[in-house]
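Down below is the structure, laid out as structure tokens.
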Amino acid sequence: MSINSLQDLKVRDHELDGLLMLRSLLRHGLDASLYPRQVLISNDGDDEFSWVHGVPSGSRLGSVTFAQDKRIRRALMQRSEVPVTQGRTFRMGQGSGAPQKYAKKIGFPVVVKPAVGDNIIEAFADLKSPEDLEQALDYLRTPTTERAGFLRSAYGLTELREPGEENGRIVVPPGYLYIVEKQLEGALVRFLVVDGEIRSVIRAKGSPAEGFLSGGVDIIGKTHEELNDLAKKAAASVSGLSVAAVDIVVEDPSSSLEKQEATVTDFTERPGLWIQERVDKALAHRLSDEMLEIYLKEHGQSIADPQDSITVEFEAHAVPEPKVAGESLTQAAQDAGIEITITDIDNVQGIVYSKMHGDATEIAKLAQNLLDGLIDEHRVMLAEIRHTK
């Protein structure tokens, strides 16, 4: 896949948090080391700061894993008396009879989602009939490696069981788990909670019955305090998370919960800033900067004033074809409006050294897509970005 113009490249939703954090680091004068799967490390003297997919190291791995196991997450919220959507877990080896019976019992429409894994992928909403439900289950029967929409961005969750076989078709193991939930009516509201404080509130366009979050309206400061407290309580139910995005369905976000129900329908350990970006790009960028500032302050570090235009030394490591990659990198940078000079090429170590001057956002995109193999298929294993005067 040859992509030379980064300006024309749409950033994938699941990578936006990590990309924006890299952008924030670069804008605020911090050096960065970017590894595959959006592992981002920055060193400032004796301190080391790190993120994975935009999630700071302040969020413990165990807590992130719990958040990505929807059964554990539901149990933790119920234990904290947080209302969650009515739902039940099923095993793929059971067949479709039991989930179909359960869906009819709770009433269509329903939502189907994998029980374990990245919270932002492969959930099927607005299933209005047994046929819709069967179609969703048929997709989930396909092994994850064969699914067109599957994203390998979960944390430490590995399927060790062998695939099964069904009528000559390779399918997921019989023990593969998924959840069927009742789809609720009302306003769908996304809360971003950082270190126990609400930083953003987005009311989604339309209603849950119309599908997934697709942007909406910024309503920070307009939601009832009781609803805010519920969002913070839900975020705190999975202890050890610095960041949580909480989805709540409620009839009227500005009214008390005394005369209406509010239910947590989803929860992710990531910022999920793609929602804010669809409402207002500046809002998403500001929130990323705020999260960086909060993280640094926790470590006793101050944050420098942002600079949109930066000058950096950029190293691409473990490059299979350094000379050709250097040419592709030069073209991609120039297409993005970045001034670039290749300063050296190490054919033995597979390193391309360069100096760049340009917009911090474009340099961050360049680094991310170089690691993703989206620049003339040159996939590198490390991008070192250091500020220079």
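The table below gives the values:
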{"quantity": "0 to 90° range, to nearest 10: angle between helix 360-371 axis and the chain longest Cα axis", "calculated": "80 degrees"}
{"quantity": "Helix 225-237 axis, angle to the chain major axis (alpha carbon atoms, nearest 10°)", "calculated": "70 degrees"}
{"quantity": "Computed helical MRE - 222 nm, the chain, DSSP H runs ≥ 4 contributing -39500 (n - 2.57), nearest 500", "calculated": "-9500 deg cm²/dmol"}
{"quantity": "Helix 13-27 vs. the chain, principal-axis angle (Cα, 0 to 90°, nearest 10)", "calculated": "40 degrees"}
{"quantity": "Pairwise FRET efficiency - Q349 versus E290, Cβ, R0 = 30 Å, nearest 0.05", "calculated": "0.20"}
{"quantity": "Hits among aspartates and glutamates - C-alpha to C-alpha of K323 under 16 Å, sequence gap 8 or more where chains match", "calculated": "E315, D344, D346, D376, E377"}
{"quantity": "Distance histogram for segment 321-365 (every C-alpha pair counted, 10 angstrom bins, percent rounded to whole numbers)", "calculated": "29, 53, 17, 0"}
{"quantity": "Alpha-carbon centroid distance for the pair segment 35-83 / segment 340-385, whole angstrom", "calculated": "28 Å"}
{"quantity": "Computed lengthening from V217 to I106, 0.36 nm per intervening residue step minus Cα-Cα distance", "calculated": "36.9 nm"}
{"quantity": "Values of log10 I(q)/I(0), in the order q = 0.07, 0.10 Å⁻¹, for the chain under a Debye, Cα-only, solvent-free model", "calculated": "-0.36, -0.71"}
{"quantity": "Candidate lysines for bridging to K101, where Cα separation is under 21 Å - those fewer than 8 sequence places away on the same chain excluded", "calculated": "K113, K128, K182"}
{"quantity": "Cα-projected label distance for E377 with R161, points at 7 Å along beta-carbon direction, nm", "calculated": "3.6 nm"}
{"quantity": "Ranked packing of 135-144, 55-64, most packed first, by mean Cβ within 10 Å", "calculated": "55-64, 135-144"}
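Bear in mind these aren't lab numbers, they're just calculated from the coordinates by the rules spelled out. Note that the structure is predicted; figures quoted are calculated from it, not measured. Reconstructed Cβ throughout: ideal geometry from the backbone, glycine too, with neighbour counts over all protein chains shown.
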